[in-house]
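**Student:** Starting off with a structure, shown below.
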Amino acid sequence: MTTSEFTPGIAQTTRDRLVQDISTYGPITARQLAERFDLTSAAVRRHLAVLEADGVIAEHEMPASPRGRGRPSKSFVLSQSAHEDLPGGYDEMAVMAVDELARIGGEDAVTALAERRIADWESTVAERVAEHEAAGETVTAVRKLELLSELLTERGYATTVRPLHVPLPATGAQSGAAARTLVTAQLCHGHCPVLDVAADHPELCEAETRAVSRIIGAPVQRLATLAQGAHVCTTHIPLTEGRTP
């Protein structure tokens with residue numbers, strides 16, 4: 001759904017303005033909208049058909065007048081998913097709630113909340129690992145990291161895995177030996193679903209980092225976070241050390 005109807009400075013299309021009026025005045029019929037916008041009912045219905053197909057609006061059956069005849073008027077309201085996309089002050093309320101929790105219970109209470117929020121990460125990844133192993137796949141640390149990345153993307157983190165191969169210099173005793181490489185990766189989040197809260201309460205980021213470390217089975221390091229002003233959250237993941245061919 002477009003949000004330009006709620007964003008100052010962005011030009012509104014007819015469809016945007018229809019969504020705004022349906023949000024404000026719904027349930028509302030195509031005829032009523034046509035009158036408000038000085039358009040033909042046919043033109044409005046074409047816009048409504050697109051919005052309904054996109055899941056932005058939904059049909060709402062209005063009972064006919066007791067003295068009326070025929071089918072009930074067909075009117076429209078915003079869909080549930082469209083309501084969820086609209087700004088509603090929930091981020092502000094979440095920040096206030098966690099601030100109050102910190103005031104009453106201190107950092108330990110916030111940490112407990114942060115751990116509870118991500119409590120199912122480990123079990124969910126473990127279940128997916130088990131499914132792949134049951135199908136005959138050998139799940140390596142790299143594959144486990146990919147499964148974690150998929151889960152986090154589903155949870156709204158827009159996560160990617162960026163592999164890195166770091167050559168290690170040979171020491172005197174290793175002179176002439178095959179070159180070694182340190183295989184690592186960066187787990188990057190392009191979006192943070194709790195950014196507003198994490199900006200004031202780094203306990204959320206710290207809990208996520210500990211969970212990633214437990215899932216991968218290795219110490220990891222958070223290099224940057226969106227909450228600290230970086231353009232992406234980046235976690236360094238050590239994987240394996242090997243020899244180049």
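**Student:** Can you work out the Karplus-derived ³J(HN,Hα) for every residue in region 90-104? Use 6.51 cos²θ - 1.76 cosθ + 1.60 with θ = phi - 60°, whole Hz, and x for glycine or proline.
**Tutor:** 5, 4, 5, 5, 4, 4, 4, 5, 6, 4, 5, 4, 5, 5, 7
**Student:** Provide the gained length on full extension for the span Ile104 to Asp54, in nm with one decimal, where the gain is 0.36 nm per separating residue minus the Cα-Cα distance.
**Tutor:** Fully extending the segment from Ile104 to Asp54 adds 13.5 nm.
**Student:** So, one more: Hey, what do the phi angles of region 38-45 turn into as Karplus ³J(HN,Hα) couplings, whole Hz, using 6.51/-1.76/1.60 and θ = phi - 60°, x for Gly and Pro?
**Tutor:** Using θ = phi - 60°, the values come out as 6, 10, 6, 4, 5, 5, 5, 4 Hz.
**Student:** Skipping prolines and chain starts, which residues have an amide H placed within reach, meaning under 5 Å, of the one on Leu164, given they are 5 or more residues away or on another chain?
**Tutor:** The list, which skips near neighbours in sequence, is Thr184, Ala185, Gln186.
**Student:** Accessible area, 1.4 Å probe, largest first: how do His132, His201, His83 sort?
**Tutor:** Most to least solvent-accessible, the answer reads His83, His132, His201.
**Student:** Once phi is turned into ³J(HN,Hα) by the Karplus curve 6.51 cos²θ - 1.76 cosθ + 1.60 with θ = phi - 60°, what whole-Hz value does each residue of region 136-143 show in order, with x for glycine and proline?
**Tutor:** x, 8, 8, 8, 7, 4, 5, 5
**Student:** Something else now. How large is the accessible surface per residue of region 78-163, computed with a 1.4 Å probe and reported in Å² as a whole number?
**Tutor:** I get 62 Å² per residue for region 78-163.
**Student:** Further question: Under a 5 Å amide H to amide H cut-off, with H placed in plane at 1.01 Å, what residues pair with Ser75 once short-range neighbours are removed?
**Tutor:** Under 5 Å from the amide H of Ser75 lie the amide H atoms of His60, Met62, each far enough along the sequence or on another chain.
The values are calculated or read from the model by the stated rules, or taken from the named source; none is laboratory data. What you see is a predicted model; the values in this text were computed from it and never measured. Heavy atoms of the whole protein, side chains included, go into the accessibility calculation; ligands, DNA and RNA do not. Shrake-Rupley method; radii C 1.70, N 1.55, O 1.52, S 1.80 Å.
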